[in-house]
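Structure first, then comments.
The values are calculated or read from the model by the stated rules, or taken from the named source; none is laboratory data. Since the structure is predicted, the reported quantities are computational estimates derived from the model, not experimental observations. Don't worry about glycine lacking a Cβ; one is built from the backbone with ideal geometry, like all the others, and counts go over all protein chains shown. SASA here: full protein model, heavy atoms, side chains in, ligands and nucleic acids out. Shrake-Rupley method; radii C 1.70, N 1.55, O 1.52, S 1.80 Å.
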Amino acid sequence: MSAIVESIPGHASPADSERTPGSSERAWYRTEDYWAIILGVGLVLLAAFAVWNGTSIKWLAVAPQKWNALGDVATHFANNAVRYLALFAFWALAFTGVTRALGFRASQFLPAFAVIFVASTAIIAVGAWAEADRYNLEPPLVALAIGLLFSNVLTLPSWLSAGLRVEFYVKTGIVLLGATLPLTLLASAGPVAIVQAAIVSLVTFGVIYFLAVRLGLDRRFAATLGAGGAVCGVSAAIAVAGAVGAKKEHGPIAITIVVFWAIVMIFVLPLVARVLHLPTGVAGAWIGTSEFADAAGFAAAQAYGGYAGSVPGIDGTADAAVNAFTLMKVIGRDLWIGIWAFVLSIIAATRWESNGIQGGAGAAEIWRRFPKFVIGFVLTSALIAWVASSYSSADYNKILKPDLINPVKTLRTWAFTFCFLSIGLSTRWRDLASTGTKPVIAFSAGVLVNVVLGFALSALVFGAYWAAL
Amino acid sequence: MNPAAGVACRDCRDFVGDPHALESASRGLGILSSAFNAISAHDGICSHHDRYVARSSTCRDFRQIEHRVDGP
C-alpha cells in the first residue's frame, strides 16, 4: 500500500502517519468538513466585524460585472488587478493551508490552484457577458463543459489533480450559502423538504436494491448502489460500502454509475425544467430531489437560477432555485446518511450471508457519519439572522446587503466555480471503472423512478409551496 | 497473531485507512466526493478480505499493527 500512496500526486505524508494503535478517530484536521466550517464561518465573521467597524470586505470580494463589449471587461480587469491578486492570495493561502493539513504538498497544490483560479476568473467573466443568457453560457455549465472537454480530449498534467478538491470547494460554498439562506426559511421549509426527500429516497433505494438483487447482484453491492442513488451519491455509496462490508471492486463501479448519471442530470434537469417553464423554486426542489451529489446539484440549481429574470416565462428568483435545492438535498437527504448506514449495517450483520467481517456499528455511527459541514451552514445562517436583528429593514438594504451579504455571496460564487470546474477537470471517463450491464440497469431504473417521482412531488404535490419560496 | 474477533479493524495491519490511498483505490471517488469527508467516518479497505470496512469492524483474521516508537 505504501507504493500506492507514494504514487499519489501531491501526497505529502506517509501512509501510516495516523496509524496509532487504539486511536478511535482520525485527527479532526484530516477532515474537510471541519475546515469548511472554519473557513466559511470565519469569513462570515470577518465580514460581520468589518461592517460593525464601518467598513466591508467587498474590496476583496471582486468579480466581473455585467459587460457588453470586450473593452469593458478588459478595463474592469485593468482597474481591479490588485483586487484580483489579493483575492487569489487569500484563497491560495486558505486552501493551501487546508490541503497541507489534509496531507497534500503545497508545492503541488499552489500551481494547480493558480490554474483553477485563472480559469474560474475567465468563466465568471463569460457568465457576466450581457449576451451570455442568449447562448446558454451559464457559468456552472460552462465550467463543467470546459473541464470535461479538457480532461477528456487532452492529457492533463498529473500535478493539476492536487488542486481539484471538489468536495472541499463545495462544502466551503455551502457554509457561505448559509449566510444568504434565512434561518426562518430553514425552520419552516425544512420539514417539507424532509418529508419529500424521505419519500423519494425510500422509493429510489427500494427500486435499485430489489432490482439489483433480482438481477443476481450481491446484496451488499445492491445496498451500495441503492444508497448512491437515494441519499447523497458517491459519498453515500462509499459510506454504505464501509458500513455493510462491500467488496473492494464494487465501490469504483458504483462511483462510475453515479458520476455518469450525476453529470447527465446537471445538463438534463435544468434543460427540461426550462422547457416546462418551472418556477425557480420548483426546479430547485426537483433538482434537490433527483440529483445525486451536492456539487452536481449546485451546478444545475445555480444554472437554472441564472434563468430567473432573463428567460421569459420562468418565475422566481435565482436564490429560490439554490435555496430550494439546498433544503431538499442537504437538509432532506444528506443529513440522514448516518441513519441509512447504521440501519443497513445492522441488516447486513443480522440478515445477510456473513462475509467474515463483523460490523462494529453502534448508534454512535450516526453521529460519526453526520455531514459536519451542515453545522457550519446553520451557524452562518444563525449568525446573519442575529446580526440582521439589530438593523431596521431600511438599514438592512442600505448597509447589510451591499456590505455584508453581497460580498459573501460573491465569495460563494467563486467557491462554487472552483468546484464546478474541478468536477469537469477530474472526470476522465477512460480512467473510471467499467461497470457491466446489471448494475447499470438497476441504477438506471432507480434514476427513472426518482426523476418522475421527484417531478411529481416538486411540481404537483408541493408545487405551490416551492413556487412561493 | 490471530486473536479472537473483537479487536477493531483500525488497529489491523491489513486496514488501509489513509484517505489518499482510499482515493487511489476507489477510482473516481474525488470527482463528486472525497475520502476526507465526515460521512466516510474514516472507513478503509481491508487488504486481506478486499472489502470496504468501518474502522470499528472486527474479524478473526486480525493482525495487530506494531506500536510506533517515537524519538531516536
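Looking only at residues of region A:239-253 that are within 15 Å of A:ILE366 (Cα to Cα) and β-branched (Val, Ile, Thr), we find that the one that is farthest from the chain's Cα centre (by Cα) is A:VAL244. No other residue among A:ILE337, A:ILE331, A:ILE399, A:ILE346 is within 14 Å of chain B (Cβ to nearest Cβ) and touching a residue at least 24 places away in the same chain (Cβ under 8 Å) apart from A:ILE337. On inspection, A:THR256 does not qualify as in a helix (DSSP H, G or I), polar (S, T, N, Q) and touching a strand residue (DSSP E or B) at 6+ places or on another chain (Cβ under 9 Å). Figure legend. Inter-residue proximity from region A:183-203: first residues of a type in the set (Ser, Thr, Tyr), second residues open to solvent by 60 Å² or more (accessible area, probe 1.4 Å), beta-carbon distance below 8 Å, spacing 6+ or different chains. Indicated pairs: A:SER201/A:TRP336. Of the residues making up region A:18-44, those that are more than 8 Å from every other protein chain (Cβ to nearest Cβ), open to solvent by less than 40 Å² (accessible area, probe 1.4 Å) and at pLDDT below 95 number 1.
Of all residues in region A:362-374, those that are more than 8 Å from chain B (Cβ to nearest Cβ) and on the phi < 0 side of the Ramachandran plot have Cβ atoms under 8 Å from Cβ atoms of residues that are open to solvent by 10 Å² or more (accessible area, probe 1.4 Å) and in a helix (DSSP H, G or I), 6 or more apart or on another chain, in A:ALA363/A:PHE342; A:ILE366/A:ILE339; A:ILE366/A:PHE342; A:VAL374/A:ILE331; A:VAL374/A:LEU335. The residue list A:ILE423, A:ILE384, A:ILE441, A:ILE405 contains one member that is open to solvent by 10 Å² or more (accessible area, probe 1.4 Å) and within 21 Å of the chain's Cα centre (by Cα), which is A:ILE405.
Does any residue of region A:51-65 turn out to be touching a Gly at 6+ places or on another chain (Cβ under 6 Å) and either open to solvent by 20 Å² or more (accessible area, probe 1.4 Å) or within 14 Å of chain B (Cβ to nearest Cβ) (or both)? Looking for residues that are touching a Gly at 6+ places or on another chain (Cβ under 6 Å) and either open to solvent by 20 Å² or more (accessible area, probe 1.4 Å) or within 14 Å of chain B (Cβ to nearest Cβ) (or both), one finds none in region A:51-65, hence no.
Considering the conditions (1) crowded, with 22+ Cβ neighbours inside 10 Å; (2) closer than 19 Å to A:VAL275 by Cα, A:THR317 is excluded by exactly one of them, (1). Residues that are in a loop (DSSP other than H, G, I, E, B), facing chain A (nearest Cβ under 7 Å) and modelled with pLDDT of 90 or more do occur in region B:19-26. Contact annotation: residue pairs with Cβ atoms under 8 Å, 6 or more positions apart or on different chains, pairing a residue in region A:218-237 that is outside any helix (DSSP H, G or I) with a partner that is open to solvent by less than 10 Å² (accessible area, probe 1.4 Å), are A:ASP218/A:ALA246.
Scanning region A:125-147 for residues that are farther than 19 Å from A:SER426 by Cα, in contact (Cβ under 8 Å) with a residue 12 or more places away in the chain and open to solvent by less than 50 Å² (accessible area, probe 1.4 Å) yields A:ALA125, A:GLY127, A:ALA128, A:ALA130, A:ASP133, A:GLU138. Checking each residue in region A:256-311 for being without any contact (Cβ under 8 Å) to a residue 24 or more places away in the chain and either of a type in the set (Gly, Ala, Ser) or crowded, with 24+ Cβ neighbours inside 10 Å (or both) picks out only A:GLY309.
Summed over region A:244-257, residues that are over 13 Å from B:ARG51 (Cα atoms) and within 7 Å of chain B (Cβ to nearest Cβ) total 2.
Candidates A:VAL118, A:VAL82: the one that is closer than 18 Å to A:CYS419 by Cβ and surrounded by fewer than 20 Cβ atoms within 10 Å (Cβ to Cβ) is A:VAL118.
For the criterion of being of a type in the set (A, V, I, L, M), touching a Lys or Arg at 6+ places or on another chain (Cβ under 8 Å) and within 14 Å of chain B (Cβ to nearest Cβ), A:ALA241 passes.
Filtering region A:259-278 to residues that are away from chain B (no Cβ under 11 Å) and part of a helix (DSSP H, G or I) leaves A:VAL264, A:MET265, A:PHE267, A:VAL268, A:LEU269, A:PRO270, A:LEU271, A:VAL272, A:ALA273, A:ARG274, A:VAL275. At least 1 residues being modelled with pLDDT of 95 or more is the threshold, and among the helices (runs of 4 or more DSSP H) wholly inside region A:387-469 those reaching it are A:406-426, A:437-455. Selection of region B:33-68 for residues being within 7 Å of chain A (Cβ to nearest Cβ), part of a loop (DSSP other than H, G, I, E, B) and under 12 Å from the mean Cα position of the chain (by Cα) yields B:SER40, B:ALA41, B:HIS42, B:ASP43, B:SER47, B:HIS49, B:ASP50, B:ALA54, B:SER56, B:SER57, B:ILE65.
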